[in-house]
1. Pairs please, first residue from region 700-726 and surrounded by 15 or more Cβ atoms within 10 Å (Cβ to Cβ) and among the aliphatic types (A, V, I, L, M), second anywhere and in a loop (DSSP other than H, G, I, E, B) and modelled with pLDDT of 75 or more, Cβ atoms under 6 Å, 6+ apart in sequence or on different chains.
2. Ile143 passes all but one of (1) outside any helix (DSSP H, G or I); (2) crowded, with 17+ Cβ neighbours inside 10 Å; (3) not small (Gly, Ala, Ser); which number fails?
3. Output the residues belonging to region 525-537 that are open to solvent by 50 Å² or more (accessible area, probe 1.4 Å) and over 17 Å from Glu384 (Cα atoms).
4. Could you pull out every one of the strands (runs of 3 or more DSSP E) wholly within region 1-99 that has 3 or more residues that are surrounded by fewer than 22 Cβ atoms within 10 Å (Cβ to Cβ) and free of Cβ contacts under 8 Å to residues at least 12 places away in the same chain?
5. If only one of Leu137, Leu154 is open to solvent by 30 Å² or more (accessible area, probe 1.4 Å) and on the phi > 0 side of the Ramachandran plot, which one is it?
6. Of the conditions (1) under 28 Å from Ile527 (Cα atoms); (2) surrounded by 13 or more Cβ atoms within 10 Å (Cβ to Cβ), Asn118 satisfies every one except a single condition; which number is it?
7. For region 565-581, how many residues meet the condition of being open to solvent by less than 10 Å² (accessible area, probe 1.4 Å) and without any contact (Cβ under 8 Å) to a residue 12 or more places away in the chain?
8. Across region 483-524, which residue is farthest from Arg409 (Cα to Cα) among those that are of a type in the set (D, E, K, R) and buried (at least 17 other Cβ atoms within 10 Å of the Cβ)?
Amino acid sequence: MQIYNELNPQQREAVEHTEGPLLILAGAGSGKTKVITHRISYLINKGHASPENILALTFTNKAADEMRNRVEKIISLNGLNSLSGCWISTFHSACVRILRRDIDKLGFGRDFVIYDANDSLSLLKGCMKELNISDDLYPPKSIAGRISNLKNELIEKVQNPEDRTEEIIGSIYALYQKRLKENNALDFDDLLMKALLLLESVPDVFKNYKDRFKYLMVDEYQDTNYAQYRLVQILSSGHRNICVVGDDDQCIYQWRGATIKNIMEFERDYPDTKVVKLEENYRSTQNILDAAWAVVSRNLYRKEKKLWTKKSGGEKIFYHRASSEIDEADFITSKIKELCREGRILYSDVAIFYRTNAQSRVLEDSLRRVGIPYKIYGGLKFFERKEVKDILCYLRIAINPGDSISLKRIVNVPVRGIGNATVEKILDYAKSKGINPVEVIKELGVQGFKGSRGQGIEAFYNIIKKLEAIVMTDNVSMVIEKTLEISGYLEALKNEKTDEAEDRIENLKELITAAKEYEEWTGDKSIAGFLDRAALISDADAVSDTSGSVSLMTLHISKGLEFPAVFITGLEGRIFPHIKSIGSEKEMEEERRLCYVGITRAKERLFLTNAERRRIYGQEMYNPPSEFIDDIPGELIRKWPVVSDQWSKGRNKMLQAHDPVCTTHHSSLTTHHLPFAVGSKITHPQFGSGVVLQKEGSGENEKLTIFFRNAGKKKLALKYTHLKSV
């Protein structure tokens, strides 16, 4: 058991606690994955559990794969050969496994398909059209978000709607769920909700998993939503050997349902919890950690902890205030070139983070101009590319002929002369007869359609029948190769003879490679398993640190990653922190946590940048430096070059353009009547620093609504208020 000697005292304490609830507060870079993997192997090696008695849940396939590989390595060093039966997976993958076995008890077929966001939106739009609900009054993406929230809160139907909007959403939701069931399909949120429904409504299923999983471990517990919270609660209700690992300071996904109170109130849910804090950091220098703590420690709703490292000191944090977003981008590329030229880093050691995707364009332009290779993450995922999605839809309909969304997508791809009206006729007939669309095509036959449409329908039907014959016998990579041929898809691309078509062919070859890798890694050669895997891939799973390119991504995607050199860009008021967070302390706390996450991705060098003026969304903005810059102690920062006075000039321009008082009475203004534009940073003798949110009135009656960092939102009469610009 010598391998456990490499753990520090706190890590070892967490690993060796085997009975009862355990909360591990693991700061960034403190070795939480190491603790989880060693704890799993410890439970097995010490005889507390067999592999099949352990369930470990996390959020990305990448994290689950790494965890499994590490555990296998550890147990092999201790003479064990197999981790067979141990579930180490994402929440959604675990729910898919549960549902594949028993979803028939809820009235679905076990061969259900999983709809991605685009499939779900397509179905939702069809439901709205069916209900004659305007897309303009009720944007489908907004409705999809509301339905997702309902599912995450485990609300199956809207009851007693409070207003007309809730009534509309309720009707769309009901029809949407009905159509999903008719298609024998689940959307992403259904995976959790239906698994919970199964466990709660079928006692035998619940007993099977409760008895099997004697030890439950959850990674990134701060990111769990209510549905995940309930799943964990139910599965651990018998043995109570639940271990959750997380960091409240890294809860940055509340906008998509994560509930920070799950980790903050864990000790209330389990009063006999043992708490272990992991505060020794193995990633970053002390200067970087001190900067991160200086920002996040301003949050009131957090558990007290402070990271430290044996890597004392380190290089100072580099801060540059550029004149414009173009100047900012050029500074970053020149700095990357400089570091690489000195041999201090490789391109793959560098990451550039930004608050919103819109900020990436100017960075990409600058990187291209100087010839720095880069890869941008968070864009279109591989499995969402048109040609890849088309082939996956062929496979989906071959194993689930009730999937109308997949049929609509590929029935005329490649072109077979089948128009939308023909497709609608097929789907309407299917609804009226209560049969699937493929059966409709067989029942109507060629005679049901005139001319070339009949020939196209017959060709499509023959393709599906050929695919049905091979999906159950051939392995997944071979089925994909045959699908490309049988469908005519590959031939159609070759006939295009364009660069774009060649790129698509390359992507399809990569799809075959992905299938072969899946077969080798899992030992599973089934189409259903591969489709499940493809449906559950996340943005973070696509990030690789071996590409030889600079990585560009949003701060949200950066979580869980690390780089020797990190640039955090756009550190300006209204950009980061985001303008939507101003005025809400809850949202400002999440912005601080997001900044903390970004800072703690850096191992050795951290660069913070912003711009005096920035053109974004077609408008030129003059924003003050982010308050996060102010939070960091001056002795930790190296400013280069000295900040110019362009900011104040630009700000005065903006004020003159937007405030008539500024242009007509500027010379005679007293400190009581200085013009303060919305977004201005100010200080107040009693309340401290703040940001102007709103102005109303004028002259003697002018009032400002200001959000103060330490006092919240206040409305003040300007004539009685002593404010100073920052």
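The values are calculated or read from the model by the stated rules, or taken from the named source; none is laboratory data. Just so it is clear, the model here is predicted, and its values are computed rather than measured. Here the Cβ is made from the backbone with ideal geometry for all residues, glycine too, and neighbour counts use every protein chain on show. With ligands, DNA and RNA removed, areas are computed over all heavy atoms of the protein, side chains included. Shrake-Rupley method; radii C 1.70, N 1.55, O 1.52, S 1.80 Å.
1. Leu718/Glu702
2. (1)
3. The answer is Lys525, and nothing else.
4. none
5. Leu154 is the lone residue from the list that is open to solvent by 30 Å² or more (accessible area, probe 1.4 Å) and on the phi > 0 side of the Ramachandran plot.
6. Only one criterion in (1) under 28 Å from Ile527 (Cα atoms); (2) surrounded by 13 or more Cβ atoms within 10 Å (Cβ to Cβ) is unmet by Asn118, namely (2).
7. Number satisfying all stated conditions: 1.
8. First, pick out the residues of region 483-524 that are of a type in the set (D, E, K, R): 485, 491, 494, 496-497, 499-500, 502-504, 506, 509-510, 516-517, 519-520, 524.
Next, only the ones that are buried (at least 17 other Cβ atoms within 10 Å of the Cβ) stay: 504, 519.
On the way: Arg504: 17, Glu519: 27 Å.
Once the filter is applied, the top-ranked residue is Glu519.
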